[in-house]
Amino acid sequence: MISDIKAFIKKLEFWEQNLIDGDTRHFPVFSKSIFLSPLELYDSKCHVEIVSNLKDNVKNPKTSLRQKWK
C-alpha cells in the first residue's frame, strides 16, 4: 500500500509539472476546452494549486485532517 501511495504522489508531481509547463495532454476534457477557446490565455496557477494541495494532503494526511477540523 505504501508503494501505491508513493506512486500516486509521483503521478501528482508529474501532473503538477505538466500543468506548470502548460502541458494538458493528461487532461483531455481540459485540453479540449483550451483548444476551443484559443484566444483566451491559459493561466495554470489555479490548476497547479489544486494538484499541489492534493499532493500535500496525500503526503501529510495528519496535517490536512487537523486543518480540516479546526
Task: Pairs, first in a loop (DSSP other than H, G, I, E, B) in the range 17-33, second surrounded by 13 or more Cβ atoms within 10 Å (Cβ to Cβ) and among the aromatic types (Phe, Trp, Tyr), C-beta under 7 Å, six or more apart - done: GLY22/TYR42; THR24/PHE30; HIS26/TRP15
TODO: Any residue in the range 55-67 that's part of a helix (DSSP H, G or I): show its pairings with residues that are modelled with pLDDT under 65 at Cβ separation under 6 Å, as long as the two are six or more apart or on different chains.
DONE: ASN57/SER64
- [ ] Report, by residue number, each residue of the range 51-70 that is more than 15 Å from PHE8 (Cα to Cα) and either of a type outside the set (Lys, Arg) or at pLDDT 80 or above (or both).
- [x] THR63, SER64, LEU65, GLN67, TRP69
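The values are calculated or read from the model by the stated rules, or taken from the named source; none is laboratory data. It should be emphasised that the depicted structure is a prediction, and the values quoted were computed from it without experimental measurement. Glycine gets a Cβ as well: all are built from the backbone with ideal geometry, and neighbour counts include every protein chain shown.
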